[in-house]
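Encoded as structure tokens, the structure appears first; notes follow it.
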Amino acid sequence: MPTIHLEMLINAPIEICFDLSRSIDLHQVSTSKTNERAIAGKTSGLIELDESVTWEATHLFVRQRLTSVITKYEKPIYFRDEQVKGAFQYIKHDHFFEEKDGKTLMRDIFEFKAPLGILGRLAEWLFLTNYMKKFLIIRNNTIREYAETDLWRKVLNQKAPKS
């Protein structure tokens with residue numbers, strides 16, 4: 001089963017990075033190229049422990065639905081989302097956050113398994129792992145862009161402090 005490891009240092013507080021990572025609204029911004037949208041469960045705001053979201057998107061020219069649930073949660077350092085229904089045989093995505101000198105180290109460990117036995121293994125090797133890695137990098141770059149600017153305020157509905 002493929003495992004993708006990503007790390008990104010973000011010049012923003014850990015709480016902002018954590019909340020942006022579980023924002024349904026920001027996820028939809030980061031996945032606009034696949035027309036991903038939340039259609040059931042938690043469809044906006046911040047997803048919490050034991051909450052689910054069903055996504056509808058077009059990946060690899062196929063319209064798909066995927067439902068995931070937050071199965072582990074320790075604010076603001078860790079959460080896990082897992083597929084409970086969808087095209088994959090298995091998806092588990094661990095999100096880790098660590099404060100480092102006023103910045104946040106964000107780490108992802110993304111494990112998945114394609115369906116269809118040997119054909120799925122071949123797809124993982126030929127293109128699927130690379131496709132999923134690029135998808136996660138785009139998402140993480142969006143999180144960094146919002147966290148390092150005032151854009152996070154729009155997504156998290158927070159006003160700028162008064163001077």
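Values in this text are rule-based calculations from the coordinates and carry no lab data. Bear in mind that the values here come from a model prediction, so they are computed numbers and not experimental data. Please note: Cβ atoms are built from the backbone with ideal geometry, for glycine as well, and neighbour counts cover all protein chains shown.
Other residues lying with their Cβ under 14 Å from the Cβ of Phe79 contribute a combined charge of -4, Lys and Arg counting +1, Asp and Glu -1.
Helix 129-147 versus the longest principal axis of the chain: what is the Cα-based angle in degrees, 0 to 90, to the nearest 10? Between helix and principal axis, roughly 10 degrees.
As I understand it, the dipole of segment 3-156 uses +1 on the Cβ of Lys and Arg and -1 on the Cβ of Asp and Glu, about the Cα centre. Which of Ala114, Ile16, His93 lies farthest toward its positive end? Positive-most Cα among the choices belongs to Ala114. Counting every other Cβ atom within 10 Å of each residue's Cβ, Trp55, Trp125 order from fewest to most as Trp125, Trp55. Seen from all directions on average, segment 22-109 presents a Cα convex hull projection of 6.0 nm².
May I ask for log10 I(q)/I(0) of the chain at q = 0.11, 0.15, 0.16, 0.20 Å⁻¹, from a Debye sum over the Cα atoms as equal point scatterers with solvent left out? So the normalised log intensities are -0.44, -0.82, -0.93, -1.44. Among the GluC sites (Glu not before Pro) in segment 31-116, none is located in a DSSP loop while being surrounded by at most 10 other Cβ atoms within 10 Å of its own Cβ.
Taking Lys and Arg as +1 and Asp and Glu as -1, the other residues whose beta-carbon sits under 14 Å from that of Gly102 total -3.
The 3J(HN,Hα) values that the Karplus relation (6.51, -1.76, 1.60; θ = phi - 60°) gives for segment 21-37 are, in residue order, 5, 10, 7, 4, 5, 5, 4, 5, 5, 5, 10, 4, 5, 9, 6, 6, 8 Hz. Gly and Pro appear as x. The lysines whose alpha-carbon is closer than 29 Å to the alpha-carbon of Lys134, local same-chain residues fewer than 8 away aside, are Lys33, Lys42, Lys72, Lys75, Lys85, Lys92, Lys100, Lys103, Lys113, Lys154. In order along segment 65-79, the phi-based Karplus estimate (6.51 cos²θ - 1.76 cosθ + 1.60, θ = phi - 60°) of 3J(HN,Hα) comes to 10, 9, 10, 10, 10, 7, 9, 9, 7, 9, 5, x, 10, 6, 7 Hz; Gly and Pro are listed as x. For segment 45-59, putting each phi into the Karplus relation 6.51 cos²θ - 1.76 cosθ + 1.60 with θ = phi - 60° gives couplings of x, 9, 7, 10, 3, 6, 8, 10, 9, 10, 9, 10, 7, 10, 10 Hz, in residue order, rounded to whole numbers and with x for Gly and Pro.
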